[in-house]
Number of protein chains: 2
Amino acid sequence: MTRAFPDTALAADIAAGLARVETLFESQLSSDFPAVNDLCRHVERYRGKMLRPTLVIVAGLAFTRDGEALRSEHDIIAATVEMIHMATLVHDDVLDEAEMRRRGETVNFLRGNETAVMLGDYLISNAFHLCSRAGDPALNLRLGEVTNTLCEGELVQLSRRHDMSLDENTYFEIVRRKTAVLVGASCELGTRLAGADASAVAAMRKFGENLGVAFQIQDDLLDLLGDEATVGKSIGRDLEKGKLTLPMILHVANTTGAERQAALRAIESKDGAALRRALERSGSIDAARAKAVEIVEDAKRGLPATRRAHSRELLLELADRVVARDS
Amino acid sequence: MTRAFPDTALAADIAAGLARVETLFESQLSSDFPAVNDLCRHVERYRGKMLRPTLVIVAGLAFTRDGEALRSEHDIIAATVEMIHMATLVHDDVLDEAEMRRRGETVNFLRGNETAVMLGDYLISNAFHLCSRAGDPALNLRLGEVTNTLCEGELVQLSRRHDMSLDENTYFEIVRRKTAVLVGASCELGTRLAGADASAVAAMRKFGENLGVAFQIQDDLLDLLGDEATVGKSIGRDLEKGKLTLPMILHVANTTGAERQAALRAIESKDGAALRRALERSGSIDAARAKAVEIVEDAKRGLPATRRAHSRELLLELADRVVARDS
């Protein structure tokens, strides 16, 4: 994530932090059983942007005093949020019957749903165990709350599959829960562990949550419009699985008559090409994209003053990248 | 579990403890979303023997001083271990494609695999959150270790499906991990929270682990021999899913020639009736049953002195019931 960023001292701190996180991640998952280690090595290949651990570290660096280093708890929390994220990827791929993830095959495709379910459980369990190693009950409590919320978001989304009456408010509530709270907690905990005051912690959580929502809208757009080779994972899963995403919801809300019917028919018959045509014609794709950009601008405006100026610039850059990415 | 037990004061303490555990369990899972609450209510119907919370409470009562009450942490841990157990049931039913559980339909049968996967995750997450509410990092660390081990056991078992070379040692290692460590931790933590010394805590963990292993052998026998109406859940799943259980392993190890071949063929063709005939003829079912009884006797012999005599009698009775049950 530090590519092209000018401040080399900061870039080196972040790279060193992420390297420690990778080491911690791998050592936490090491098992006496080769069969288990093979699966974990496969999952480690899914690591890509490392958005969540990067946010923990950058938020931490933004609020530590000059000359102070990050705490070991920063590394633990950064590795924990990444492990929680990996667990959700493995289980999401089961839910979506996805075959591809980060240009590799998914665990469910390669080894069956049963192994993918249990491997996801192993990752969740290890995430909580790793977090417990910090010895701070408040961290366990907060992350437990976050994963409760995350699972609720997923359960509500499942209960609303194929539901054409899903409205924008409910969509945002689902996305906040299933994606944004974990990104928000990454910023929040990185900041809190650096000893920042409560208002900075709250503002950083809000910044992260906004990033998470924008990230999910961008993900939805890539699932609808991207090509598998660029995105690097199975696409078209939302339509296949009856998940109404923001462009579809905006179209259904803002069009009438034949225009609305054409999209509904395309959703029902899972005709991606027809759906894209209808959504483009009505401007719903542009409207969803504009919404994501608006949320990122909100995030940037709400970013609190940091102790280190360079970290603040990097957080602004990270925010922009969330909607600029094509994979 | 307290039926027919003579000490009424103890029975009342246990009943009160289990009632508190049920309240805690339900309040922990209460969600803002009716769809989530409906699923949790369905899962609460699976609660049957409540072996694990009963062991936390009885172990706690066995080591508290006369006149002292259980700590609130006992209730939290008792509800937590039950919630972990429920999560494994929900995911096991996905793995086993089971349709019936405690005389009701399974979540996967009723609502699909996706919802069952996510509901299991919600239960795991809530179990860790609930445990964190005790505010004692050692409890989180210990239960994280237990669930890591549990998932490893399941993953190794999955990797050895349809493997006719699975030997007795590996079988016991899998069972220890996937079933026994949680039962052992229930006894261990109940005892530790009552302030017992380290040797009593270790002995109680060993007692629980032995009970867990015997419990699993009995479960395997019921899956092989029981009828669905009595057992109350889908049976024959081990054979269907290629899981070699103790009677099959003993038969393969101790017979030769046509006798051995008949069982291998029955396993391969998933012919339950032929398999039962072969295993009965070779004495492998009786041998597995004898092994479970031997482990229970071991458990009882190793039971440490308790502060309260009545609780010790009850623990001995609970041990016997593990192998006497037909559901």
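Of the conditions (1) within 11 Å of chain B (Cβ to nearest Cβ); (2) assigned to a helix (DSSP H, G or I), A:LEU89 satisfies every one except a single condition; which number is it?
For A:LEU89, the failing item is (1).
Looking for something more than 19 Å from the chain's Cα centre (by Cα), under 17 Å from A:ASN37 (Cβ atoms) and in contact (Cβ under 8 Å) with a residue 40 or more places away in the chain - is there at least one such residue anywhere in segment B:149-160?
Among the residues of segment B:149-160, at least one is more than 19 Å from the chain's Cα centre (by Cα), under 17 Å from A:ASN37 (Cβ atoms) and in contact (Cβ under 8 Å) with a residue 40 or more places away in the chain, which makes the answer yes.
For A:ASP286, work out the one condition from (1) surrounded by 17 or more Cβ atoms within 10 Å (Cβ to Cβ); (2) closer than 18 Å to A:GLN216 by Cα; (3) modelled with pLDDT of 95 or more it doesn't fulfil.
Against the list (1) surrounded by 17 or more Cβ atoms within 10 Å (Cβ to Cβ); (2) closer than 18 Å to A:GLN216 by Cα; (3) modelled with pLDDT of 95 or more, A:ASP286 comes up short only on (1).
Checking the condition surrounded by fewer than 24 Cβ atoms within 10 Å (Cβ to Cβ) and within 9 Å of another protein chain (Cβ to nearest Cβ), which residue from B:ARG103, B:ARG111 passes?
Going through B:ARG103, B:ARG111 in turn, the sole match is B:ARG111.
For B:ALA138, indicate whether it is closer than 24 Å to A:GLY135 by Cα, more than 8 Å from chain A (Cβ to nearest Cβ), free of Cβ contacts under 8 Å to residues at least 40 places away in the same chain and surrounded by fewer than 19 Cβ atoms within 10 Å (Cβ to Cβ).
Considered against the rule, which asks whether it is closer than 24 Å to A:GLY135 by Cα, more than 8 Å from chain A (Cβ to nearest Cβ), free of Cβ contacts under 8 Å to residues at least 40 places away in the same chain and surrounded by fewer than 19 Cβ atoms within 10 Å (Cβ to Cβ), B:ALA138 comes out as yes.
Residues of segment A:164-195 being buried (at least 23 other Cβ atoms within 10 Å of the Cβ) and part of a loop (DSSP other than H, G, I, E, B), which ones?
A:ALA194, the sole residue that qualifies.
Being among the acidic types (Asp, Glu) and farther than 19 Å from A:SER327 by Cβ is the filter here, so list the residues in segment A:85-128 that pass it.
A:GLU97, A:GLU114, A:ASP121
Looking at B:LEU55, B:LEU70, B:LEU95 in this structure, which one is in contact (Cβ under 8 Å) with a residue 12 or more places away in the chain, within 15 Å of B:GLU188 (Cβ to Cβ) and among the hydrophobic types (A, V, I, L, M, F, W, C)?
Values: B:LEU70 fails: within 15 Å of B:GLU188 (Cβ to Cβ); B:LEU95 fails: within 15 Å of B:GLU188 (Cβ to Cβ).
Answer to the check: B:LEU55.
Being assigned to a helix (DSSP H, G or I) and closer than 22 Å to A:LEU51 by Cα is the filter; apply it to segment A:226-258 and report the residue that is farthest from the chain's Cα centre (by Cα).
By that ranking, first place goes to A:ALA229.
Each row is one residue, and each column tells you yes or no for (1) modelled with pLDDT under 95; (2) in a helix (DSSP H, G or I).
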| residue | (1), (2) |
| --- | --- |
| A:ALA98 | yes, no |
| A:LEU110 | yes, yes |
| A:ASN148 | no, yes |
| A:LEU158 | yes, yes |
| A:HIS162 | yes, no |
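Please state which of the following conditions B:GLN261 fails to meet, knowing it meets all the rest: (1) surrounded by 16 or more Cβ atoms within 10 Å (Cβ to Cβ); (2) in a helix (DSSP H, G or I); (3) out of contact with any helix residue (DSSP H, G or I) (no Cβ under 8 Å at 6 or more places or on another chain); (4) not aromatic (Phe, Trp, Tyr).
(1)
For A:ARG205, which of the numbered conditions (1) touching a residue at least 24 places away in the same chain (Cβ under 8 Å); (2) surrounded by fewer than 23 Cβ atoms within 10 Å (Cβ to Cβ) fails to hold?
Every condition holds for A:ARG205 apart from (1).
Quick check: is even one residue across segment B:56-69 within 14 Å of chain A (Cβ to nearest Cβ), more than 22 Å from B:ALA324 (Cβ to Cβ) and acidic (Asp, Glu)? Lay out the reasoning, then the answer.
Let us first name the residues in segment B:56-69 that are within 14 Å of chain A (Cβ to nearest Cβ), namely none.
Among the residues of segment B:56-69, not one is within 14 Å of chain A (Cβ to nearest Cβ), more than 22 Å from B:ALA324 (Cβ to Cβ) and acidic (Asp, Glu), which makes the answer no.
Looking at (1) small (Gly, Ala, Ser); (2) at pLDDT below 95; (3) farther than 29 Å from B:ALA229 by Cβ, which is the one condition that is false for B:GLY104?
(3)
Residue-wise test of (1) over 17 Å from A:MET204 (Cβ atoms); (2) of a type outside the set (Val, Ile, Thr).
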{"residue": "A:ALA9", "(1), (2)": "yes, yes"}
{"residue": "A:ASP13", "(1), (2)": "yes, yes"}
{"residue": "A:LEU18", "(1), (2)": "yes, yes"}
{"residue": "A:THR23", "(1), (2)": "yes, no"}
{"residue": "A:GLU26", "(1), (2)": "yes, yes"}
{"residue": "A:PHE33", "(1), (2)": "yes, yes"}
{"residue": "A:ASP38", "(1), (2)": "yes, yes"}
{"residue": "A:VAL43", "(1), (2)": "yes, no"}
{"residue": "A:THR54", "(1), (2)": "no, no"}
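One line per residue, one yes/no per condition, for (1) in contact with a His (Cβ under 9 Å, 6 or more places away or on another chain); (2) of a type outside the set (Lys, Arg); (3) crowded, with 22+ Cβ neighbours inside 10 Å:
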| site | (1), (2), (3) |
| --- | --- |
| B:GLU26 | no, yes, no |
| B:THR54 | no, yes, yes |
| B:GLY60 | yes, yes, yes |
| B:GLY67 | no, yes, no |
| B:ASP75 | no, yes, yes |
| B:GLU99 | no, yes, no |
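The values are calculated or read from the model by the stated rules, or taken from the named source; none is laboratory data. The structure presented is a predicted model; accordingly, all values stated were derived computationally and were not measured. Positions of Cβ are generated from backbone atoms using ideal geometry, with glycine treated the same way; all protein chains shown enter the neighbour counts.
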